Amino acid sequence: MLELYQFELSQYSEKVRLILDYKGLAYRKIEVTPGVGQLEVFRLSGQGQVPVLKDGDTVISDSTAIAMYLDRKYPDKPLIPTDPKERGQCLLMEEWADESIGPKSRKVLYGALSQNPSFRTAILPKDTPDFLKTVVGGVPSELLEVLGMGIGWGADSVKDARDSLKQDLEALSLLLSDRPYLVTDAPCLADFAVAGLSLLLKIPEGPYLDVPEQLKGQGIPGLADSSAYETFFNWRDRLYVNYRKPLTSTGATDSTPKSIEID
C-alpha cells in the first residue's frame with residue numbers, strides 16, 4: 001500500500017490526499033511529529049519536509065513531484081489535460097497556487113493564531129499534552145507579534161498577505177462563476193492544488209480531516225466568512241463531496257494517521 005508521510009493540517013499534504021482520493025488509490029497516512037519525527041523523513045527522502053510518498057522502494061518528496069509520479073504510475077483519471085493550451089493553464093495555475101495561496105495563507109493563519117488563544121490551542125495536534133496547550137494558549141499576543149516580525153510575519157506583512165488573498169479569492173470566484181472546474185469540464189491538477197492549498201483559509205466541514213470537531217468549518221475571519229468568496233468555498237465543498245473520501249469510509253484511505261517510529 002502507498003504510504004503518505006504527512007501533517008494532517010499541511011496544505012501540501014492535503015493537495016496530495018485529494019489527488020490520491022480522486023484516483024481511488026489506497027494509502028496509509030503516517031503522521032510526522034514536527035521536529036524529531038522529521039529525522040525519519042530526512043532519512044527516507046534526503047530532506048525534512050512533508051508530504052513524502054513511499055510506493056514500494058520508490059520515495060518521492062514535494063507535492064508537485066508526487067502528483068506527476070502518480071499520474072505516470074497510475075494513469076487512470078489523469079491530472080493533466082491533453083490539449084496544449086489547457087495543459088499550460090493547468091500547470092501554471094498549480095504553480096501559482098503553490099507559490100501564492102500556500103505561503104500567504106500560512107502567514108494570515110499566524111496572524112489569526114497570535115490574536116486568538118483558544119484558536120491557537122484548538123489547532124494543536126490532538127495528542128498534545130494539556131500542560132503544553134496551557135503554555136501555548138498563555139503566550140501573550142504581543143510576544144507572538146514580535147516573534148512574527150522576526151521572521152517577516154509582522155502585522156504589516158500579515159495585512160499585505162490578507163489583502164492579496166482577497167484578490168486571489170475574488171479572481172477564483174469569478175473564474176468559477178460559470179464553470180464547474182478551473183480549467184476544463186473535469187477536475188485537473190490545478191483544482192486539487194487550489195483546493196488543498198486553501199485548507200488553512202477555511203478548514204473543510206465533514207469527516208475528511210482528523211482534527212477537533214470545533215475546528216471544522218472554521219477559518220480566517222474576513223475571508224472564510226465573507227459572502228464575496230462564497231462561490232469559491234461552495235465550489236471547494238462540492239469538490240470534497242465528489243472526490244474526497246471521508247475518514248469513516250472503508251477501502252482507499254486508512255482513516256487514522258500512524259505515528260512514525262524513530263530508530
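The values are calculated or read from the model by the stated rules, or taken from the named source; none is laboratory data. Since this is a predicted model, take the numbers as computed values, not measurements. Every residue, glycine as well, gets a Cβ built from its backbone with ideal geometry; the counts of neighbours run over all protein chains shown.
Tabulated results
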| quantity | calculated |
| --- | --- |
| Number of the condition not met by Gly37 [criteria: (1) exposed (fewer than 14 other Cβ atoms within 10 Å of the Cβ); (2) at pLDDT below 95] | (1) |
| Residue list for the stretch 209-222, restricted to those being touching a helix residue (DSSP H, G or I) at 6+ places or on another chain (Cβ under 6 Å) and either under 24 Å from Glu94 (Cβ atoms) or part of a loop (DSSP other than H, G, I, E, B) (or both) | Pro212, Ile220 |
| Matching residues, the stretch 160-182, being surrounded by fewer than 15 Cβ atoms within 10 Å (Cβ to Cβ) and under 12 Å from Trp235 (Cβ atoms) | Leu174, Ser177, Asp178, Arg179, Pro180 |
| Among (1) part of a loop (DSSP other than H, G, I, E, B); (2) farther than 25 Å from Asp191 by Cβ, the one test that Leu79 misses | (2) |
| Residues being β-branched (Val, Ile, Thr), under 14 Å from the mean Cα position of the chain (by Cα) and modelled with pLDDT under 95 - total across the stretch 184-228 | 1 |
| Tyr12 vs. criteria touching a Leu at 6+ places or on another chain (Cβ under 8 Å) and either outside any strand (DSSP E or B) or under 22 Å from Trp96 (Cα atoms) (or both) | yes |
